[in-house]
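Below is one structure, written out as structure tokens; comments come after it.
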Amino acid sequence: MAPETTVTSTRAPQKPGVQHHAHWGGVFAMSLCVFALIASEFMPVSLLTPMAAELRVSEGMVGQGIAISGLFAVATSLSVSTLVSSMNRKTLLLGLTTVMAVSGALVAMAPGYLLFMVGRALIGVVIGGFWSMSAATAMRLVPAHQVPRALAVFNGGNALATVLAAPLGSYLGSFIGWRGAFFCLVPVALLALVWQWISLPSMPVEKRASGNVLGIFAAFKSPAVAWGMAACGTFFMGQFVLFTYVRPFLERVTGVEVATVSLVLLVMGVAGFAGTMLIGRFLGKGLYRTLVTIPALMAVIAAALVPTGGWLAVVMVLLGVWGLLSTAAPVGWWSWIAEAMPHDAEGGGGLMVAVVQTSIAVGSTLGGVLFDSAGHRGAFMVAAAVLAVSSVLAFVTARITSRTA
């Protein structure tokens with residue numbers, strides 16, 4: 001899943017005492033771009049079955065399309081600031097948005113598995129490049145005192161895509177096919193491109209990158225940061241071992257039709273949106289308690305889905321709670337970054353992007369292998385075990401942090 005950025009450092013790159021014009025049109029254009037990006041990233045989740053049938057591969061192999069996008073996102077997030085250190089950020093954003101449109105068209109028209117994977121690799125490039133510079137870009141669009149509001153609007157596209165992408169993809173796929181569902185993302189990306197072109201100001205680079213793309217890994221010298229990153233990584237890994245293969249589980253085990261699959265995915269999305277709105281009440285002094293509790297509850301849900309998979313009502317409730325917890329959790333982890341690395345929140349955010357995307361890639365790959373070889377039981381029980389490990393690692397992180405405070 002793409003990372004939330006609302007709690008990273010809000011120090012805009014502005015000179016003291018100088019206010020610049022607020023480019024709210026640019027903020028909303030970026031929000032639309034985020035919507036298209038998140039929808040593009042996770043559209044395969046709701047279309048695994050028909051895509052696998054037409055491409056003549058297994059659901060697990062189609063799921064690797066999420067894995068490869070994650071791998072390319074990691075590579076791009078670690079290198080983009082060095083490779084294009086002098087490029088105007090408006091030009092870079094327009095280029096990334098163009099690549100997103102090309103990716104959607106390539107996936108929609110792919111005659112076989114190879115070109116499908118190329119299209120997924122391209123969306124990974126966009127994910128890594130976009131998220132690695134997203135917060136800093138938002139900070140340059142409005143005066144410093146309006147940055148929190150701008151970031152809230154900016155991430156509204158993320159929340160909306162979280163609610164709509166999977167169920168809408170499943171619904172559209174039932175009427176116009178999975179290719180048509182993917183192609184619907186192309187005009188959205190082009191609209192975002194034109195809107196950004198018109199509304200974004202020129203954003204020349206004010207300070208060149210240091211050139212050492214591996215410098216952010218120095219943060220691992222801190223035991224608290226190292227254990228926390230491990231907890232975060234195992235959380236996303238366990239989540240995507242299960243989540244990537246929800247549709248084939250619902251069709252094969254629960255025995256529901258496409259319309260019901262769309263309904264279940266919508267319930268998960270709406271619950272996730274609610275979780276994102278509510279989790280702030282549990283952070284602050286309860287930050288570590290929340291980071292320990294969420295993966296523990298999700299581990300219980302993953303294990304419970306194995307014996308109850310044949311009962312639709314139970315499955316819908318369990319997956320609804322899963323959606324509420326899994327979508328809210330990233331907000332907690334970004335709050336942790338702000339607390340663990342207060343003097344370098346953006347550097348920590350870049351490291352978090354790499355950890356999260358790597359974990360998503362590993363989780364979806366592992367889930368595919370397990371789903372193909374051991375069925376949903378093997379995949380879901382492994383997901384439960386990995387999530388339980390995440391809970392334990394978060395507890396260790398809390399203990400280490402309390403001792404060093």
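By how many nm would the segment from LEU83 to ARG56 lengthen if fully extended, with 0.36 nm per residue of separation less the alpha-carbon distance? Display every interim value, and only then the final one.
On the way: separation 27, 0.36 × 27 = 9.72 nm, distance 3.75 nm.
Full-extension gain reported as 6.0 nm.
What nm value, rounded to one decimal, do you get for the distance between VAL118 and LEU297 when each label is placed 7 Å out toward the C-beta?
A separation of 4.5 nm, rounded to one decimal place.
Starting from the Cα gyration tensor of segment 247-328, multiply each eigenvalue by 5, take the square root, and state the resulting semi-axes largest first in whole Å. Show your work: numbers first, answer last.
On the way: eigenvalues 140, 41, 10 Å².
Over the Cα atoms of segment 247-328, the semi-axes work out to 26, 14, 7 Å.
Skipping prolines and chain starts, which residues have an amide H placed within reach, meaning under 5 Å, of the one on VAL142, given they are 5 or more residues away or on another chain?
HN-HN under 5 Å from VAL142: HIS23.
Working from the alpha-carbon coordinates of segment 232-291, get Rg over Rh, Rh being the Kirkwood radius.
Working: Rg = 14.9 Å, Rh = 13.6 Å.
Result for segment 232-291 is an Rg/Rh of 1.10.
Could you tell me the accessible area of TRP195 in Å² (1.4 Å probe, neighbours in place), rounded to the nearest ten?
Solvent-accessible area, nearest 10 Å²: 100 Å².
For VAL256, what residues show an amide H to amide H distance below 5 Å, using hydrogens built from the backbone and excluding near sequence neighbours?
It is GLU251, by chain and number.
Order of 318-326, 21-29, 101-109 by packing, highest average Cβ count within 10 Å first?
On the way: 318-326: 22.7, 21-29: 18.1, 101-109: 20.7.
Packing proxy ranking, top to bottom: 318-326, 101-109, 21-29.
Got a sec? What order do MET316, MET381, MET100 fall in by accessible area at 1.4 Å, biggest, i.e. largest, first? Show your work: numbers first, answer last.
Details: MET316 50, MET381 95, MET100 5 Å².
The residues order as MET381, MET316, MET100, largest area first.
The values are calculated or read from the model by the stated rules, or taken from the named source; none is laboratory data. Not measured: the values here are computed from a predicted model. All Cβ positions, glycine included, derive from the backbone under ideal geometry; neighbour counts span all protein chains shown. Remember, those area values only see protein heavy atoms, side chains included, never the ligands or the DNA or RNA. Shrake-Rupley method; radii C 1.70, N 1.55, O 1.52, S 1.80 Å.
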